[in-house]
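Structure first, then comments.
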Amino acid sequence: MDTSTPLLPGPARRLAAWCALILLVSGVVYVGIRLCDEFRTAVVPVLLALLGTALLGPLHRRLVKAGVQRSVAAGLTCVAVVAVVGGAVYIVVAALIDTGDEIVASLKQAARGVSEHFGAAGTSLDDLASNARELLGKFGGSAASGVISGVSVVGESLAMAVLALLLVFFFLRDSDKATGALRALAPRGSADTLEAMARRAFHAVEGFMRGTTFIALIDALCITVGLLVLDVPGAAGLGALVFVGAYIPYLGAFISGAVAVLVALADRGFVIALWVLGVVLAVQVLEGHVLQPMIQSRTVQMHPAVVMVAITAGASVAGVLGMLLAVPLTAAAFGVLQELRTRYGDQEPSPEPSTDS
(Lines give C-alpha, C1' and ligand atoms only; values in the text may rest on other atoms or scores of the structure.)
Protein backbone atom coordinates (compact mmCIF):
# COMPACT_ATOMS: atom_id res chain seq x y z
CA MET A 1 0.00 0.00 0.00
CA ASP A 2 1.35 3.39 -1.04
CA THR A 3 1.10 5.72 1.97
CA SER A 4 2.84 8.65 0.22
CA THR A 5 -0.15 9.47 -2.01
CA PRO A 6 -1.63 12.84 -0.96
CA LEU A 7 -5.28 13.05 0.00
CA LEU A 8 -5.91 15.99 -2.37
CA PRO A 9 -4.59 16.61 -5.87
CA GLY A 10 -2.06 19.36 -6.51
CA PRO A 11 -4.52 22.03 -7.79
CA ALA A 12 -6.76 21.54 -4.76
CA ARG A 13 -3.81 21.89 -2.38
CA ARG A 14 -2.68 25.09 -4.11
CA LEU A 15 -6.23 26.49 -3.94
CA ALA A 16 -6.42 25.65 -0.24
CA ALA A 17 -3.06 27.33 0.36
CA TRP A 18 -4.19 30.49 -1.44
CA CYS A 19 -7.48 30.54 0.51
CA ALA A 20 -5.60 30.20 3.80
CA LEU A 21 -3.23 33.00 2.77
CA ILE A 22 -6.11 35.29 1.78
CA LEU A 23 -7.91 34.61 5.06
CA LEU A 24 -4.73 35.28 7.03
CA VAL A 25 -3.99 38.54 5.21
CA SER A 26 -7.63 39.66 5.53
CA GLY A 27 -7.56 38.98 9.26
CA VAL A 28 -4.34 40.91 9.72
CA VAL A 29 -5.69 43.84 7.68
CA TYR A 30 -8.95 43.87 9.64
CA VAL A 31 -7.17 43.84 12.99
CA GLY A 32 -4.82 46.57 11.76
CA ILE A 33 -7.74 48.75 10.66
CA ARG A 34 -9.47 48.27 14.00
CA LEU A 35 -6.33 49.19 15.88
CA CYS A 36 -5.80 52.27 13.72
CA ASP A 37 -9.39 53.32 14.39
CA GLU A 38 -8.92 52.90 18.13
CA PHE A 39 -5.69 54.94 18.10
CA ARG A 40 -6.67 57.31 15.28
CA THR A 41 -5.57 60.42 17.19
CA ALA A 42 -2.01 59.06 17.02
CA VAL A 43 -2.20 57.19 13.70
CA VAL A 44 -3.71 60.00 11.62
CA PRO A 45 -0.95 62.55 12.43
CA VAL A 46 1.69 59.96 11.56
CA LEU A 47 0.04 59.23 8.19
CA LEU A 48 -0.40 62.94 7.45
CA ALA A 49 3.21 63.57 8.44
CA LEU A 50 4.41 60.83 6.07
CA LEU A 51 2.40 62.40 3.23
CA GLY A 52 3.80 65.82 4.09
CA THR A 53 7.33 64.42 4.25
CA ALA A 54 6.87 62.79 0.85
CA LEU A 55 5.69 66.11 -0.60
CA LEU A 56 8.33 68.31 1.07
CA GLY A 57 11.26 65.91 0.89
CA PRO A 58 12.72 67.35 -2.35
CA LEU A 59 12.75 70.88 -0.93
CA HIS A 60 14.50 69.70 2.23
CA ARG A 61 17.10 67.77 0.24
CA ARG A 62 17.85 70.81 -1.90
CA LEU A 63 18.39 72.94 1.18
CA VAL A 64 20.72 70.32 2.65
CA LYS A 65 22.67 70.12 -0.62
CA ALA A 66 22.99 73.90 -0.53
CA GLY A 67 24.84 73.60 2.78
CA VAL A 68 22.02 74.32 5.23
CA GLN A 69 22.19 72.31 8.45
CA ARG A 70 19.58 69.51 8.55
CA SER A 71 17.63 70.87 11.53
CA VAL A 72 17.59 74.38 10.09
CA ALA A 73 16.53 73.03 6.70
CA ALA A 74 13.72 71.04 8.30
CA GLY A 75 12.60 74.12 10.27
CA LEU A 76 12.65 76.31 7.17
CA THR A 77 10.68 73.70 5.26
CA CYS A 78 8.04 73.54 7.99
CA VAL A 79 7.84 77.33 8.14
CA ALA A 80 7.45 77.42 4.37
CA VAL A 81 4.67 74.83 4.42
CA VAL A 82 2.86 76.70 7.20
CA ALA A 83 3.10 79.90 5.18
CA VAL A 84 1.98 78.23 1.94
CA VAL A 85 -0.82 76.20 3.51
CA GLY A 86 -1.93 79.12 5.65
CA GLY A 87 -1.95 81.42 2.64
CA ALA A 88 -3.80 78.87 0.54
CA VAL A 89 -6.38 78.31 3.28
CA TYR A 90 -6.82 82.07 3.63
CA ILE A 91 -7.31 82.45 -0.13
CA VAL A 92 -9.74 79.54 -0.30
CA VAL A 93 -11.73 80.69 2.73
CA ALA A 94 -11.79 84.29 1.53
CA ALA A 95 -12.93 83.18 -1.92
CA LEU A 96 -15.64 80.96 -0.44
CA ILE A 97 -16.80 83.73 1.90
CA ASP A 98 -16.90 86.31 -0.90
CA THR A 99 -18.62 84.01 -3.39
CA GLY A 100 -20.24 81.47 -1.09
CA ASP A 101 -23.58 83.30 -1.00
CA GLU A 102 -23.66 83.48 -4.79
CA ILE A 103 -22.84 79.77 -5.11
CA VAL A 104 -25.45 78.75 -2.53
CA ALA A 105 -28.08 81.02 -4.08
CA SER A 106 -27.35 79.62 -7.53
CA LEU A 107 -27.55 76.06 -6.23
CA LYS A 108 -30.87 76.81 -4.53
CA GLN A 109 -32.21 78.32 -7.74
CA ALA A 110 -31.06 75.29 -9.72
CA ALA A 111 -32.66 72.95 -7.19
CA ARG A 112 -35.89 74.98 -7.34
CA GLY A 113 -35.95 74.66 -11.12
CA VAL A 114 -35.36 70.92 -10.94
CA SER A 115 -38.09 70.51 -8.33
CA GLU A 116 -40.54 72.50 -10.47
CA HIS A 117 -39.93 70.31 -13.50
CA PHE A 118 -39.37 66.91 -11.91
CA GLY A 119 -40.48 67.17 -8.27
CA ALA A 120 -43.62 65.48 -6.98
CA ALA A 121 -46.34 67.15 -4.93
CA GLY A 122 -45.27 68.01 -1.41
CA THR A 123 -41.53 67.97 -2.20
CA SER A 124 -40.93 71.61 -3.01
CA LEU A 125 -38.17 73.58 -1.40
CA ASP A 126 -40.69 75.49 0.70
CA ASP A 127 -41.98 72.23 2.17
CA LEU A 128 -38.44 71.10 2.84
CA ALA A 129 -37.63 74.40 4.53
CA SER A 130 -40.69 74.23 6.76
CA ASN A 131 -39.94 70.62 7.66
CA ALA A 132 -36.37 71.59 8.47
CA ARG A 133 -37.55 74.38 10.78
CA GLU A 134 -39.94 71.97 12.51
CA LEU A 135 -37.17 69.44 13.02
CA LEU A 136 -34.84 72.10 14.40
CA GLY A 137 -37.53 73.19 16.82
CA LYS A 138 -38.05 69.64 18.05
CA PHE A 139 -34.41 68.73 18.38
CA GLY A 140 -32.86 71.96 19.60
CA GLY A 141 -31.26 70.24 22.58
CA SER A 142 -29.56 67.65 20.42
CA ALA A 143 -28.38 70.43 18.13
CA ALA A 144 -26.76 72.19 21.07
CA SER A 145 -25.00 69.00 22.09
CA GLY A 146 -23.92 68.61 18.47
CA VAL A 147 -22.35 72.07 18.59
CA ILE A 148 -20.43 71.10 21.73
CA SER A 149 -19.22 67.88 20.12
CA GLY A 150 -18.30 69.85 17.01
CA VAL A 151 -16.14 72.17 19.10
CA SER A 152 -14.37 69.15 20.56
CA VAL A 153 -13.83 67.75 17.07
CA VAL A 154 -12.29 71.05 15.98
CA GLY A 155 -9.97 71.03 18.99
CA GLU A 156 -8.97 67.45 18.30
CA SER A 157 -8.32 68.27 14.64
CA LEU A 158 -6.12 71.24 15.56
CA ALA A 159 -4.15 69.09 18.00
CA MET A 160 -3.61 66.43 15.33
CA ALA A 161 -2.54 69.09 12.82
CA VAL A 162 0.05 70.49 15.23
CA LEU A 163 1.33 66.98 16.00
CA ALA A 164 1.53 66.19 12.29
CA LEU A 165 3.57 69.36 11.68
CA LEU A 166 5.99 68.47 14.47
CA LEU A 167 6.33 64.95 13.08
CA VAL A 168 7.08 66.37 9.64
CA PHE A 169 9.95 68.33 11.17
CA PHE A 170 11.41 65.26 12.87
CA PHE A 171 10.87 63.03 9.82
CA LEU A 172 12.67 65.52 7.59
CA ARG A 173 15.50 66.14 10.04
CA ASP A 174 16.16 62.46 10.73
CA SER A 175 15.39 61.12 7.26
CA ASP A 176 19.04 60.13 6.80
CA LYS A 177 18.75 57.84 9.84
CA ALA A 178 15.57 56.09 8.68
CA THR A 179 17.38 53.43 6.69
CA GLY A 180 19.66 52.47 9.56
CA ALA A 181 16.78 52.30 12.03
CA LEU A 182 14.74 50.17 9.65
CA ARG A 183 17.60 47.75 9.07
CA ALA A 184 18.20 47.50 12.82
CA LEU A 185 14.57 46.52 13.42
CA ALA A 186 14.41 44.05 10.53
CA PRO A 187 14.57 40.31 11.29
CA ARG A 188 17.83 38.59 10.48
CA GLY A 189 18.37 38.15 6.75
CA SER A 190 15.45 40.38 5.67
CA ALA A 191 17.03 43.83 6.02
CA ASP A 192 17.68 44.28 2.30
CA THR A 193 14.18 43.19 1.32
CA LEU A 194 12.53 45.36 3.98
CA GLU A 195 14.57 48.40 2.96
CA ALA A 196 13.73 47.91 -0.71
CA MET A 197 10.01 47.57 0.10
CA ALA A 198 10.05 50.71 2.24
CA ARG A 199 11.88 52.70 -0.44
CA ARG A 200 9.46 51.56 -3.16
CA ALA A 201 6.42 52.42 -1.00
CA PHE A 202 7.77 55.85 -0.07
CA HIS A 203 8.71 56.67 -3.66
CA ALA A 204 5.19 55.70 -4.76
CA VAL A 205 3.63 58.02 -2.17
CA GLU A 206 6.12 60.77 -2.99
CA GLY A 207 5.32 60.59 -6.70
CA PHE A 208 1.59 60.51 -6.02
CA MET A 209 1.67 63.57 -3.76
CA ARG A 210 3.83 65.69 -6.06
CA GLY A 211 1.96 64.67 -9.18
CA THR A 212 -1.48 65.14 -7.66
CA THR A 213 -0.59 68.59 -6.30
CA PHE A 214 0.72 69.75 -9.67
CA ILE A 215 -2.28 68.32 -11.52
CA ALA A 216 -4.70 69.85 -9.00
CA LEU A 217 -3.12 73.27 -9.51
CA ILE A 218 -3.39 73.02 -13.31
CA ASP A 219 -7.01 71.79 -13.14
CA ALA A 220 -8.02 74.58 -10.77
CA LEU A 221 -6.34 77.28 -12.89
CA CYS A 222 -7.87 76.02 -16.15
CA ILE A 223 -11.39 75.71 -14.77
CA THR A 224 -11.16 79.06 -12.96
CA VAL A 225 -10.07 80.80 -16.17
CA GLY A 226 -12.89 79.11 -18.08
CA LEU A 227 -15.47 80.17 -15.49
CA LEU A 228 -14.15 83.75 -15.50
CA VAL A 229 -14.37 83.89 -19.30
CA LEU A 230 -17.94 82.59 -19.16
CA ASP A 231 -18.76 85.10 -16.37
CA VAL A 232 -19.96 82.40 -13.96
CA PRO A 233 -20.40 83.74 -10.39
CA GLY A 234 -18.14 82.37 -7.70
CA ALA A 235 -15.35 81.36 -10.10
CA ALA A 236 -12.63 81.72 -7.46
CA GLY A 237 -14.50 79.62 -4.91
CA LEU A 238 -15.32 76.96 -7.50
CA GLY A 239 -11.67 76.86 -8.57
CA ALA A 240 -10.64 76.36 -4.94
CA LEU A 241 -13.18 73.53 -4.70
CA VAL A 242 -11.65 71.92 -7.79
CA PHE A 243 -8.15 72.13 -6.28
CA VAL A 244 -9.21 70.48 -3.01
CA GLY A 245 -11.34 67.88 -4.79
CA ALA A 246 -8.43 66.81 -6.99
CA TYR A 247 -6.90 64.99 -4.02
CA ILE A 248 -9.86 62.58 -4.18
CA PRO A 249 -9.39 61.09 -7.69
CA TYR A 250 -12.44 60.83 -9.96
CA LEU A 251 -15.01 61.46 -7.23
CA GLY A 252 -13.65 64.90 -6.28
CA ALA A 253 -13.52 66.03 -9.91
CA PHE A 254 -17.08 64.79 -10.48
CA ILE A 255 -18.48 66.64 -7.46
CA SER A 256 -16.65 69.92 -8.09
CA GLY A 257 -17.53 69.82 -11.80
CA ALA A 258 -21.19 69.13 -11.05
CA VAL A 259 -21.33 72.09 -8.66
CA ALA A 260 -19.81 74.38 -11.32
CA VAL A 261 -22.33 73.22 -13.93
CA LEU A 262 -25.27 73.71 -11.55
CA VAL A 263 -24.13 77.20 -10.62
CA ALA A 264 -23.81 78.12 -14.30
CA LEU A 265 -27.22 76.60 -15.04
CA ALA A 266 -28.92 78.60 -12.30
CA ASP A 267 -27.24 81.95 -12.95
CA ARG A 268 -26.35 81.99 -16.65
CA GLY A 269 -28.76 79.60 -18.29
CA PHE A 270 -28.68 76.33 -20.16
CA VAL A 271 -26.25 77.35 -22.92
CA ILE A 272 -23.58 78.65 -20.54
CA ALA A 273 -24.04 75.52 -18.40
CA LEU A 274 -23.26 73.43 -21.49
CA TRP A 275 -20.13 75.52 -22.08
CA VAL A 276 -19.06 74.99 -18.47
CA LEU A 277 -19.67 71.26 -18.85
CA GLY A 278 -17.47 71.35 -21.95
CA VAL A 279 -14.72 73.15 -20.05
CA VAL A 280 -14.87 70.62 -17.20
CA LEU A 281 -14.81 67.66 -19.58
CA ALA A 282 -11.95 69.20 -21.59
CA VAL A 283 -9.89 69.66 -18.42
CA GLN A 284 -10.60 66.08 -17.37
CA VAL A 285 -9.56 64.78 -20.81
CA LEU A 286 -6.38 66.89 -20.59
CA GLU A 287 -5.70 65.46 -17.14
CA GLY A 288 -6.40 61.84 -18.07
CA HIS A 289 -4.59 61.72 -21.41
CA VAL A 290 -1.78 64.26 -21.04
CA LEU A 291 -1.06 65.34 -17.46
CA GLN A 292 -1.30 62.03 -15.63
CA PRO A 293 0.73 59.99 -18.17
CA MET A 294 3.35 62.74 -18.37
CA ILE A 295 3.59 63.70 -14.67
CA GLN A 296 2.89 60.39 -12.95
CA SER A 297 4.53 58.07 -15.49
CA ARG A 298 7.23 57.13 -12.97
CA THR A 299 4.88 56.34 -10.12
CA VAL A 300 2.66 53.35 -9.45
CA GLN A 301 -0.15 53.20 -11.99
CA MET A 302 -3.47 51.94 -10.60
CA HIS A 303 -6.60 50.97 -12.49
CA PRO A 304 -9.52 53.40 -11.97
CA ALA A 305 -11.61 50.55 -10.53
CA VAL A 306 -8.95 49.95 -7.86
CA VAL A 307 -8.91 53.67 -7.04
CA MET A 308 -12.70 53.81 -6.69
CA VAL A 309 -12.78 50.74 -4.45
CA ALA A 310 -9.99 52.22 -2.31
CA ILE A 311 -11.85 55.54 -1.98
CA THR A 312 -15.08 53.74 -1.02
CA ALA A 313 -13.27 51.63 1.56
CA GLY A 314 -11.51 54.69 2.98
CA ALA A 315 -14.80 56.57 3.24
CA SER A 316 -16.43 53.67 5.09
CA VAL A 317 -13.55 53.51 7.58
CA ALA A 318 -12.72 57.19 8.22
CA GLY A 319 -15.06 59.41 6.21
CA VAL A 320 -13.54 62.27 4.22
CA LEU A 321 -10.14 61.78 5.82
CA GLY A 322 -10.21 58.13 4.77
CA MET A 323 -11.01 59.17 1.20
CA LEU A 324 -7.97 61.48 1.20
CA LEU A 325 -5.63 58.83 2.65
CA ALA A 326 -6.96 55.81 0.76
CA VAL A 327 -5.28 56.40 -2.60
CA PRO A 328 -1.72 57.22 -1.36
CA LEU A 329 -1.84 54.24 1.01
CA THR A 330 -3.02 52.03 -1.85
CA ALA A 331 -0.18 53.39 -3.99
CA ALA A 332 2.26 52.43 -1.24
CA ALA A 333 0.77 48.92 -1.07
CA PHE A 334 1.09 48.56 -4.85
CA GLY A 335 4.71 49.70 -4.62
CA VAL A 336 5.42 46.98 -2.05
CA LEU A 337 3.72 44.36 -4.23
CA GLN A 338 5.78 45.45 -7.23
CA GLU A 339 8.98 45.13 -5.23
CA LEU A 340 8.02 41.65 -4.04
CA ARG A 341 7.11 40.60 -7.57
CA THR A 342 10.41 41.96 -8.86
CA ARG A 343 12.35 40.04 -6.25
CA TYR A 344 10.45 36.77 -6.16
CA GLY A 345 8.21 36.70 -9.22
CA ASP A 346 10.86 35.35 -11.58
CA GLN A 347 11.83 32.45 -9.38
CA GLU A 348 10.79 29.08 -10.72
CA PRO A 349 8.52 27.08 -8.40
CA SER A 350 10.10 23.98 -6.99
CA PRO A 351 8.79 20.77 -8.58
CA GLU A 352 6.35 18.73 -6.52
CA PRO A 353 7.69 15.47 -5.08
CA SER A 354 6.92 12.40 -7.04
CA THR A 355 4.04 10.25 -5.77
CA ASP A 356 5.20 7.11 -7.51
CA SER A 357 5.82 4.15 -5.26
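The values are calculated or read from the model by the stated rules, or taken from the named source; none is laboratory data. Keep in mind that this is a model prediction, so the values were computed, not measured. Cβ sites come from the backbone with ideal geometry, for glycine too, and all protein chains shown count toward neighbours. These accessible areas exclude ligands, DNA and RNA; they are computed on the full protein's heavy atoms, side chains included. Shrake-Rupley method; radii C 1.70, N 1.55, O 1.52, S 1.80 Å.
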Quiz item: P(r) of region 224-306 in 5 Å steps, Cα pairs, percent per bin?
Solution: 3, 15, 24, 24, 15, 9, 6, 3, 0
Exercise. Would you mind getting the accessible area per residue of region 1-86, heavy atoms of the protein chains only, 1.4 Å probe, in Å²?
Key: 69 Å²
Quiz prompt | For region 189-200, 3J(HN,Hα) per residue [Karplus equation, 6.51 cos²θ - 1.76 cosθ + 1.60, θ = phi - 60°, Hz, x = Gly/Pro] | solution = x, 10, 5, 5, 5, 5, 5, 5, 5, 5, 4, 5
Exercise. Any chance you could check the Cα centroid distance between region 205-265 and region 42-71 for me, in angstrom?
Key: 27 Å
Quiz item: Considering amide H positions built from the backbone, and no H for Pro or chain starts, which residues 5 or more places from Tyr250, or on another chain, come under 5 Å of its amide H?
Solution: none
Exercise. Using R₀ = 25 Å, calculate the FRET efficiency as 1/(1 + (r/R₀)^6) where r is the Cβ-Cβ separation of Ala196 and Val25; round to 0.05.
Key: 0.80
